[in-house]
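Shown next, in structure tokens, is the structure this report addresses.
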Amino acid sequence: MDAAAVKNLAKELGADLVGIAGADILNALPPDPKFPQTPERISPHVKSVVVIVKRIPVGAFRCKTTVPVQYMDMMVLRRMDRIAYRIAEALERDGHPSFVTAGQETDWSYKKASYGRLSTRHLGIEAGLGTFGLEVNILTPEFGPRLYLTGILTEAELDADAPMSEQVCIGESCSRCLYSCPSDAVRHFGIDKRNCATEAQEFGFHTILRFWEEYAQKPAAEQKALLADREIFGFWQGLLRVVGSFGDCPRCLAVCPVGNDYHAHLAKMQKVIPEMTPEKKTKAAGFKEARKSGAEIAGLNEWNLRWVGPDGYQGIVARQLQEFKKRQKERAGEED
Ligand code: SF4
Ligand code: SF4
């Protein structure tokens, strides 16, 4: 199987996007060299990583509550894993040992946060599928950040795709993700993971830990009352359906104006961001000024710039919107 055949198969199986990253590049350029999330740390034999994307259906971002997004996330992940498994099987049938790692797992020996053996965002960027947003999600031109990714690690030597050099994220002059963030976790092409987790992992690991620490210190009568707490229900539901344990907060995904799914179904309803505050506006203005003046910005240092898009923002979203509107007009003409 060559790269084209693998990509065709991925599309036939239902992947929305597919790209290929070379293991040599992923090994040489880990997201954080102090904690290398590299294929070689998993297996020294891996030559290529096939990266697939499943988009989150946009309807989930049009709801009054976050629950539909949480359920869709879980279903998207299951579907994506099945597609990845089938690709690994096909590569093995063709004589190339291949496997898939869990896209959302955490390696306990690394940092004490959600930190997997591989960073799927970086896999996607190295496979040419998108670049970092201000909130360091991967933004694809097709679906913005409303997606999940996983990688199939294979010993097949497949032609790798080149990363995009144009920044997909509009950047500081947009800052809509920053405005929408309920825990003010968005940094300048960075994220405060702990703050984000308070919303995105309401019933995640740290909540569970805190709950049981508090529980252990209470007298027996109060412990009994705590067992009827809403958080216990949240933990149970998280075990049962994953809901609440991660991917809980959709705000920065819902408001990002990249992608035709946004132009078609979200632009109107997400135009106003109720979470916007004067403090957040000042923060965004500070980011804009820092970039303009060439100040040192950790998220844009020499190591990270590769994943942000070294050529900077050149209007990809505006071009996309024009094209989208043109097609809408043509379609309306056809229907008349
Ligand atoms: S997921 Fe929610 S809390 Fe986390 S950065 Fe995005 S908007 Fe903020
Ligand atoms: S909302 Fe704007 S600033 Fe944030 S990631 Fe999307 S395009 Fe970039």
**Request:** Return the long-range amide H neighbours of residue 167 (sequence gap of 5 or more, or a different chain), with a cut-off of under 5 Å between placed amide H atoms.
**Result:** 311, 312, 313, 314
**Complete:** In deg cm²/dmol, rounded to the nearest 500, the helical mean residue ellipticity at 222 nm of the chain, built from -39500 (n - 2.57) for every DSSP H run of length 4 or more, is -13500 deg cm²/dmol
**Message:** Quick check: Cα centre of the range 123-141 to Cα centre of the range 252-267, how many Å?
**Reply:** 16 Å
**Asked** Which of the cysteines in the chain are isolated, no other cysteine C-beta under 4.7 Å?
**Response** 63, 169, 174, 181, 196, 249, 256
**Item:** Distance from the range 156-235 to the range 21-98 (C-alpha centre basis), Å
**Value:** 20 Å
**Complete:** Everything considered on the Cα gyration tensor (a ≥ b ≥ c; rounded for a/c under 1.5, else prolate if a/b is larger than b/c, else oblate), the chain must be described as rounded
**Prompt:** Dipole magnitude of the chain about its Cα centre, charges +1 at Lys/Arg Cβ and -1 at Asp/Glu Cβ only, in debye to the nearest 20?
**Reply:** 980 debye
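By the gyration tensor of its Cα atoms, with a ≥ b ≥ c the square roots of the eigenvalues, what is the shape of the range 74-160: rounded for a/c under 1.5, prolate for a/b over b/c, or oblate?
On the way: a/c = 1.69, a/b = 1.36, b/c = 1.24.
Here the range 74-160 falls in the prolate category.
By Kyte-Doolittle mean hydropathy of at least -0.5 and Cα axial length of at least 30 Å, which whole DSSP H helices of the chain are selected? Let's see the in-between values first.
Numbers: long enough: 67-93 (40 Å, -0.07).
Taking the DSSP H segments of the chain (at least 30 Å long, mean hydropathy at least -0.5), we get 67-93.
How much length, in nm to one decimal, is gained on full extension between residue 271 and residue 301, taken as 0.36 nm per residue of separation minus their Cα-Cα distance? Kindly include the intermediate steps, with their values, before the conclusion.
Working: separation 30, 0.36 × 30 = 10.80 nm, distance 3.16 nm.
This chain segment gains 7.6 nm when fully extended.
Sort the range 1-123 into rounded, prolate or oblate with this rule: let a ≥ b ≥ c be the square roots of the eigenvalues of the Cα gyration tensor; rounded if a/c is under 1.5, and if a/c is not under 1.5, prolate when a/b is larger than b/c, oblate otherwise. List each step's numbers first, then the result.
On the way: a/c = 2.21, a/b = 1.18, b/c = 1.88.
Because a/c hits 1.5 or more and a/b fails to exceed b/c, the range 1-123 counts as oblate.
Full extension from residue 184 to residue 24: what is 0.36 nm times the residue separation minus their Cα-Cα distance, to one decimal in nm? Please report the intermediate quantities before stating the final value.
Numbers: separation 160, 0.36 × 160 = 57.60 nm, distance 3.63 nm.
Working it through step by step, the gained length comes to 54.0 nm.
Every number in this text was worked out from the coordinates using simple rules, so none of it is lab data. Here the structure is a predicted model, which is why all the values come from computation and not from measurement. Because the Cβ atoms are built from the backbone with ideal geometry, glycine has one as well, and the counts that use them run over all protein chains shown.
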